[in-house]
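**Q** Before we start, here is the structure in question, set down as structure tokens.
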Amino acid sequence: MASHQISTGEERQARSRVQLYSMWIVHVHVQVKPEHVEEFKAATIVNATNSVKEPGITRFDVIQQADDPTRFVLVEVYRTKEDNAAHRETAHYKAWAEKAVPMMAAERTRVFYGNIFPPDQGWE
């Protein structure tokens, strides 16, 4: 079976689709040590509460896995990629990281997404 080579035109189209995304969405996957679940939740709620006050953040959801309470996903929606960088410079983020990172059972991972629907105005 022959592998499919991406043509220069296809590559340009794919790149332009990615550049169409105006919202910057991050899913942060976290596994917490079992003895720190409640403490992690409390610290993360403080961070999320302050984060949604930032002008560049439209959502900051904290969700916990139903079948494994040590696993969380932080769903962060920024107006731009630069707003995500600015968030990491805030006092509340730095305080959260200082508290939360030692509670983690493994290094957190991030997956980045671009918005398709709803339109950006739907994130108000």
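The values are calculated or read from the model by the stated rules, or taken from the named source; none is laboratory data. Here the structure is a predicted model, which is why all the values come from computation and not from measurement. As a convention, Cβ positions derive from the backbone with ideal geometry for all residues, glycine included, and neighbour counts pool all protein chains shown. Surface accessibility is based on the protein's heavy atoms, side chains included, excluding ligands, DNA and RNA. Shrake-Rupley method; radii C 1.70, N 1.55, O 1.52, S 1.80 Å.
**Q** How about the stretch 84-117: which of its residues are more than 16 Å from Q31 (Cβ to Cβ), touching a strand residue (DSSP E or B) at 6+ places or on another chain (Cβ under 9 Å) and open to solvent by less than 40 Å² (accessible area, probe 1.4 Å)?
**A** N84, H87, G114, N115
**Q** Next question, about the same structure. Condition test on Q121, is it open to solvent by 50 Å² or more (accessible area, probe 1.4 Å) and modelled with pLDDT under 95?
**A** Criteria met by Q121.
**Q** Within the stretch 44-66, identify whether any single residue is small (G, A, S), more than 11 Å from M23 (Cβ to Cβ) and either in contact with a His (Cβ under 6 Å, 6 or more places away or on another chain) or buried (at least 17 other Cβ atoms within 10 Å of the Cβ) (or both), and answer yes or no.
**A** Within the stretch 44-66, one or more residues are small (G, A, S), more than 11 Å from M23 (Cβ to Cβ) and either in contact with a His (Cβ under 6 Å, 6 or more places away or on another chain) or buried (at least 17 other Cβ atoms within 10 Å of the Cβ) (or both).
**Q** Determine the pairs where a residue that is hydroxyl-bearing (S, T, Y), located within the stretch 103-124, has a partner that is assigned to a loop (DSSP other than H, G, I, E, B) and open to solvent by 60 Å² or more (accessible area, probe 1.4 Å) with Cβ atoms under 9 Å apart, the partner being 6 or more residues away or on another chain.
**A** So the pair list comes out as Y113/Y21.
**Q** Restricting the search to the stretch 43-79, which residues are within 22 Å of P119 (Cα to Cα) and among the aromatic types (F, W, Y)?
**A** F60, Y78 - these are the residues of the stretch 43-79 that are within 22 Å of P119 (Cα to Cα) and among the aromatic types (F, W, Y).
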